[in-house]
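The values are calculated or read from the model by the stated rules, or taken from the named source; none is laboratory data. This is a predicted model, so every value here is computed, not measured. Cβ: placed from backbone, ideal geometry, glycine included. Neighbour counts: every protein chain shown.
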Protein chains: 2
Amino acid sequence: MNIEQLKSKDEYYMRLALLEAETAYTEGEIPVGAVIVCRDRIIARAHNLTETLHDVTAHAEMQVITMAANEIGGKYLQDCTLYVTLEPCIMCAGAIGWAQLGRVVYGCADERRGFSVHAPQALHPKASVVSGILENECRNIMLRFFREKR
Amino acid sequence: MNIEQLKSKDEYYMRLALLEAETAYTEGEIPVGAVIVCRDRIIARAHNLTETLHDVTAHAEMQVITMAANEIGGKYLQDCTLYVTLEPCIMCAGAIGWAQLGRVVYGCADERRGFSVHAPQALHPKASVVSGILENECRNIMLRFFREKR
């Protein structure tokens, strides 16, 4: 697969993550969505549920990792890619590291809470990271949400 | 309360966390236990369940934060103390930060995976941290577990 094809595939899956973020938005949740793909098969989709569940641990990434592990019947996700609309926080990056996710693709950066500043070694050493896929769409849904909340 | 009384109280709750770790041990789980106390009331107890649930996110701290939030009907745990036998990892420290736990007491350090090295800013800025409570007991149960696994 060449770079253009990979980028187009990444955009496709990120669009599904954005659909999850839209669902979160309509539920009054901070709109973050995530998808896990294993060898071109979508094995889990989820969105942030912290308000609904009154649970700070219910970020999209945490939900989707738990779901993916249930789906494949094992804890480790080396052959999987996680797509998430917002850069993972420290907590989620720690979980991504424990799950040994092989590849992480995120939409827009989170300067305040993102792992790349606060816990740069959280992921598995072999994991590859791509950022900026559908960056504007991923940022805009967050901006829209917080604008309406104020 | 003077320092001696506080230490004795911390040891009491850490002993309950150790009982949880013992339960984990008997279930074949890495023996880590946790308790959350809110104004002298124990509101949640849990132990590591990663093997049982095939879920890397099922650390004792994650379980106990979710349980405590359910118990008090809110996401934030500012007035609570988390007792945990092992120093929290990056993921759990991130969750502790999101939950705004006011105080964290842990037994033995985790040099390889502990947050204090890899994500020192994960906790809420106002949180206080105490380490080394029943340190030997907390370390010994881990050593015993890994010795038997080999």
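Based on this model, can you work out whether A:V84 counts as surrounded by 23 or more Cβ atoms within 10 Å (Cβ to Cβ), assigned to a helix (DSSP H, G or I) and more than 10 Å from chain B (Cβ to nearest Cβ)?
Judged against the criteria, A:V84 is not a match.
Is the range B:112-134 home to any residue that is under 21 Å from B:K7 (Cβ atoms), under 13 Å from the mean Cα position of the chain (by Cα), surrounded by fewer than 18 Cβ atoms within 10 Å (Cβ to Cβ) and not small (G, A, S)?
Yes, there is a match, as at least one residue in the range B:112-134 is under 21 Å from B:K7 (Cβ atoms), under 13 Å from the mean Cα position of the chain (by Cα), surrounded by fewer than 18 Cβ atoms within 10 Å (Cβ to Cβ) and not small (G, A, S).
Any chance the range A:27-49 includes a residue that's surrounded by fewer than 21 Cβ atoms within 10 Å (Cβ to Cβ) and among the polar types (S, T, N, Q)?
The answer is no, given that none of the residues of the range A:27-49 is surrounded by fewer than 21 Cβ atoms within 10 Å (Cβ to Cβ) and among the polar types (S, T, N, Q).
Give the range B:95-112 a look and list any residue that's at pLDDT 95 or above, on the phi < 0 side of the Ramachandran plot and part of a loop (DSSP other than H, G, I, E, B), or say none.
Scanning the range B:95-112 gives B:A99, B:L101, B:G102, B:A109, B:D110.
If I filter the range A:47-66 for residues that are farther than 29 Å from B:I72 by Cα, more than 10 Å from every other protein chain (Cβ to nearest Cβ) and not in a helix (DSSP H, G or I), do I get at least one hit?
Scanning the range A:47-66 turns up no residue that is farther than 29 Å from B:I72 by Cα, more than 10 Å from every other protein chain (Cβ to nearest Cβ) and not in a helix (DSSP H, G or I).
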